[in-house]
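One structure below.
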Amino acid sequence: MAIPGSERFSSRPVDPQVVAAGLPADLPVHTVTQEQVDALDPLTYEVVRHRLWSVTEEMGEALKRMSGSPIVTDANDFDFAICDEVGQEVQVGLYNTMLVGAVDLAIYWTLQNRATNPGIREGDMFLCNDPWVGGGLHQSDVIVFQPVFHDGELFAWTSAICHEPDLGGVGLGSFSPAAQDVFAEALPTPPIKVVKDFEIQDDVADVWVRRSRVPMLVNLDLRAKVGSNTVGRKRLEEVIRQYGADTVKAVMKRMMTDAEGRLRGKLRSLPDGTWKATGYQDQSHEGDRGVHKITVAMTKADDRLVFDFTGTDAQTGLINCTYAGMRGGVMLALLPMLAHDIPWSAGGLMRCFDLVSEEGTINNASFPAAVGRGPIGPAWLTGTLVAECLSQMLDRSPDLGTTAQAACCGTWDTAVVAGLDERGEVPQPFLNIMMEPMAGGYGARPQADGMDTGGLFCIPMGRIPDVEMTEFLYPLLTLWRREEPDSGGPGRQRGGVSASLAVTLHGSSVPAGLVLASAGKAVAQNSGLAGGYPGNTGLDAVVRGVDAHALLAEGRIPSSVEDFGAEVEVGHCYAQSYVAPGEVLYMHWQGGGGYGDPLLREPAAVAHDLAELKVTREGAERVYGVVLGADGAVDDPGTRETRERMRAERRERSSSPEVGDGRVDLSRARAVDDNLVVDGTQVGCAHCGLELADTTRDAQLRLAVFEGPSSTAGPQVTSDPEIYVDEPIVFRQLSCPGCLTAVYSGIVPTSHEDHVADLDRFTASAG
């Protein structure tokens, strides 16, 4: 239930023109006419546009050089923006792209609620970490943003935002696994003036830093963001002096209009239709054993997209995000998939879609829902589902189909370790959010495997921390950090593999606290596409009752959890625990989903994967049906025989519908994806030509259906879903009844409603 009076802090769709019209008379703004925008010459436009790009790049470098947090300096979990006078995003960074969906909301809110009291003046900067207002997606995302004035008029805004290591609350790192509302988490702070007359306000800064378990890092980040904005303001003023305020503003407006126009043009070239996707978060908080649904129907008509999240489950636990998170999730997918060749003037791009959602749901939560998991849970899953819908649409395009992509690593695997660092003369507390899961696996594309440990879809320039730097900063010893074979989703094109990490305390004689917070351990969140399998399920564990240092002293170097020969305590999705000296924290995060049926993968590619340690022999034969000799060479007769046997096993284990002998003319049919084609009203198999439906008489595709234990999917399933949830989780595979080529492969709850057989997407126009 929403708390009365909290409505003022709720993010909602905002019309920038309405914001501008509501400003007080004593806050004049600088703007230009459409005639001035149209009068720009191409050369000046390009030069100034690139100057604005360089301003944001310099802001990012300034933030990295001044921050002391490895989250910023190593992992690049931050972003920045230049906005116009009312907050529309003109230029954004290539770092955490989910934040793009929230920056302008904070500025809109500030203009509507701070313009009169305390006022918006030259030399001000505002700080905010309220995800209902915007700026960030949960309280740990802290934005500092400033108005930029020229000749007494509000000309623009700049902003810098990054994830803070800890801002208080019950849980370490501000992750509270048992949270049921926001009052158990870090305090959300609406925009507050932290800089006045170009000077940091010490009283505000002290109040801000006081809440943290690591005040020095939070204090450094605050000043780094102030410094980054200062760099942005000074560089922007230099551009204005060189080219004139009207010219610079005309370029800013033109940048957004051009981005909008190019995206609309791309949308017009794609088919109209409706595509659907549904995903799940396993567990909502410590002690919960449920699965919680987010569902989306994406409708594309002419040059506009509508994302309808109606039917998403009600907010629960800490796996919620606000409207800003839902919007950020959409941008997570849209920027790299539809706008990879368009300048990221987000203010223009966001004009091309609408969001439909019920308030009080997982990805549009009402205050006071717990939202600590917001960006790395529901917002991330929202982006994954939107990407799935976009990929289904793109798959139908001869020109843009290569940009379709299976799900990337699915979620962020959170582990926070905090304790006492005794390596110096005076013991000091430490807190480390393990950033190694930055090395997630990318999803496969129709013509390419996913990048192995390629990073995160939402942070294009993300990096994995340096092991030596981690060991220098914290009393931790890394036993291994390596890629894991079989973790990439099997497919005709393989998903990128993920990695694992094993660490133990080194320089601390007392147990360290441990917080775990991640999903995708029972239900796959790194789904495949066009019959491709999901990547690996996540697994976190603590090896109990072992002395890793004693093993090393004996000359034994463990290379697997089993090598420790001790009890393995599997961590739930959300848990509070500890790691004692000598014990080992093990993390195995997620790889990318596969594309296409793995039985269609070239055997030579599987042999290469084995040689490169991307798959095991078991995975090669069990999932891909490829038999390899002792020398790693492909046994062609054995492979043909094994694949024929596997198809026969699919036929035997599946329930198949009644199918006739109708055939689709493959010579004239249009491809829908790797496996399906359309010829008039007929939908058929792209491999054997069997008619699977006629849109004039059938409600769904006629497909063979198999359900079995999730482990049936292959060795990439590393965890038992019964550990985490009560609802049965199955490997569900839908195949062509004729040739048994997989059309869909997923690890889902038994209640999951399949969308792949829906005929909506086959009745769409060609675009």
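The values are calculated or read from the model by the stated rules, or taken from the named source; none is laboratory data. Keep in mind it's a predicted model, so treat the numbers as computed, not measured. FYI the Cβ positions are ideal-geometry reconstructions off the backbone, even for glycines, and counts take in every protein chain you see. These area figures cover heavy atoms from the full protein model, side chains too; ligands, DNA and RNA do not enter into them. Shrake-Rupley method; radii C 1.70, N 1.55, O 1.52, S 1.80 Å.
Remark: accessible surface ordering of Ser667, Ser745, Ser751 (largest first) is Ser667, Ser751, Ser745, probe radius 1.4 Å. On the basis of the beta-carbon distance and an R0 of 56 Å, Asp341 and Asp197 show a calculated FRET efficiency of 0.85. Within the same chain, lysines fewer than 8 places from Lys234 are excluded, and of the rest, those with a Cα less than 19 Å from its Cα are Lys64, Lys196, Lys225, Lys249.
Positive contributions from Lys and Arg (+1) and negative ones from Asp and Glu (-1), summed over other residues with Cβ under 13 Å from the Cβ of Gly596, come out at -2. Here r is the Cβ-Cβ distance between Asp272 and Val18 and R0 is 41 Å; the resulting FRET efficiency, rounded to 0.05, is 0.85.
Only Cα pairs under 8 Å and 6+ residues apart enter the sum, and on that basis the relative contact order of the chain stands at 12 percent. For the range 313-328, list residues with backbone N below 20 Å from a point placed 7 Å from the Cα of Asp726 toward its Cβ? From the range 313-328, the list is 313-319. The length gained on full extension between Ala25 and Arg556, counted as 0.36 nm times the residue separation minus their Cα-Cα distance, comes to 183.7 nm. Helix screen, the chain: DSSP H segments with Cα axial length of 15 Å or more and mean Kyte-Doolittle hydropathy at least -0.5 are 42-66, 100-113, 215-243, 323-338, 380-394. Ordered by 1.4 Å accessible area with all protein chains kept, Ser719, Ser656 run largest first as Ser656, Ser719.
Paramagnetic label reach from Arg663 (point 7 Å along Cα→Cβ; backbone nitrogen cut-off under 15 Å): within the range 692-720, residues 692. In this structure His50 has an accessible area near 100 Å², from a 1.4 Å probe over the protein heavy atoms. Taking all protein chains as shown and a probe of 1.4 angstrom, Val626 keeps an accessible surface of around 0 Å².
Length available on full extension from Ala448 to Ala301: 0.36 nm per residue minus the Cα-Cα distance, which gives 50.0 nm.
Bridging of Lys266 to lysines at a Cα separation below 20 Å is possible for Lys300, once same-chain residues fewer than 8 apart are set aside.
Size descriptors for the range 293-451: radius of gyration and Dmax over Cα atoms are 18.6, 67 Å.
Projected label points at Asp206 and Asn113, each 7 Å from Cα along the beta carbon direction, are separated by 2.6 nanometres.
Per residue, the convex hull spanned by the Cα atoms of the range 187-273 measures out at 187 cubic angstrom. Taking amide H positions as modeled 1.01 Å from N, with prolines and chain starts lacking one, the residues under 5 Å from Gly440 and 5 or more places away or on another chain are Gly455, Leu456. The listed residues Met451, Met434 rank as Met451, Met434 when sorted by accessible area, largest first, using a 1.4 Å probe. What does the C-alpha gyration tensor say about the overall shape of the range 341-412? Classify as rounded when a/c is under 1.5, otherwise prolate if a/b is larger than b/c, or oblate. Prolate is the answer for the range 341-412, as a/c is 1.5 or above and a/b outweighs b/c. Here the spin labels are modelled as points 7 Å beyond Cα on the Cα-Cβ line, and at Ala604 and Tyr243 they lie 5.0 nm apart. By the helix-only formula, in which each DSSP H run with n ≥ 4 contributes -39500 (n - 2.57) and the sum is divided by residues, the chain has a 222 nm mean residue ellipticity of -8000 deg cm²/dmol. For Arg121, no residue has an amide H sitting under 5 Å from its own, ignoring neighbours fewer than 5 places away on the same chain, with H placed 1.01 Å from N.
Once backbone amide H atoms are built at 1.01 Å from N, Asp354 has Leu305, Val306, Phe307 as its partners under 5 Å, excluding neighbours fewer than 5 places away on the same chain. Extension gain for Lys234-Asp466 works out to 80.2 nm (0.36 nm per residue, less the C-alpha to C-alpha distance). Identify the residues of the range 591-621 with backbone N under 15 Å of a label point that sits 7 angstrom from the Cα of Arg645 along the Cα-to-Cβ direction, or state none. Hits in the range 591-621 for Arg645 at 15 Å: 618-621.
Here the contact order of the range 626-740, divided by its residue count and restricted to Cα pairs under 8 Å and six or more residues apart, works out to 22 percent.
Excluding same-chain neighbours fewer than eight residues apart, the lysines reachable from Lys293 by a Cα-Cα span under 22 Å are Lys276, Lys521. Shape analysis of the chain yields a ratio of the Cα radius of gyration to the Kirkwood radius, Rg/Rh, of 0.98.
Per-peptide packing, taken as the mean over residues of other Cβ atoms within 10 Å, places 522-532, 602-612 in the sequence 522-532, 602-612 from highest down. Each residue, Trp480 and Asp399, gets one label point 7 Å from its Cα in the Cβ direction; the gap between the two is 4.8 nm. Computed over neighbours whose Cβ is under 14 Å from that of Asn363, the net charge equals -1, Lys and Arg +1, Asp and Glu -1. Its alpha carbons give the range 612-706 an Rg and a Dmax of 17.2, 54 Å. Shape class of the range 211-344 from the alpha-carbon gyration tensor: oblate, with a/c at 1.5 or above and b/c at least as large as a/b. Annotation: Leu220 carries an accessible surface of approximately 70 Å², with a 1.4 Å probe and no ligand, DNA or RNA atoms counted.
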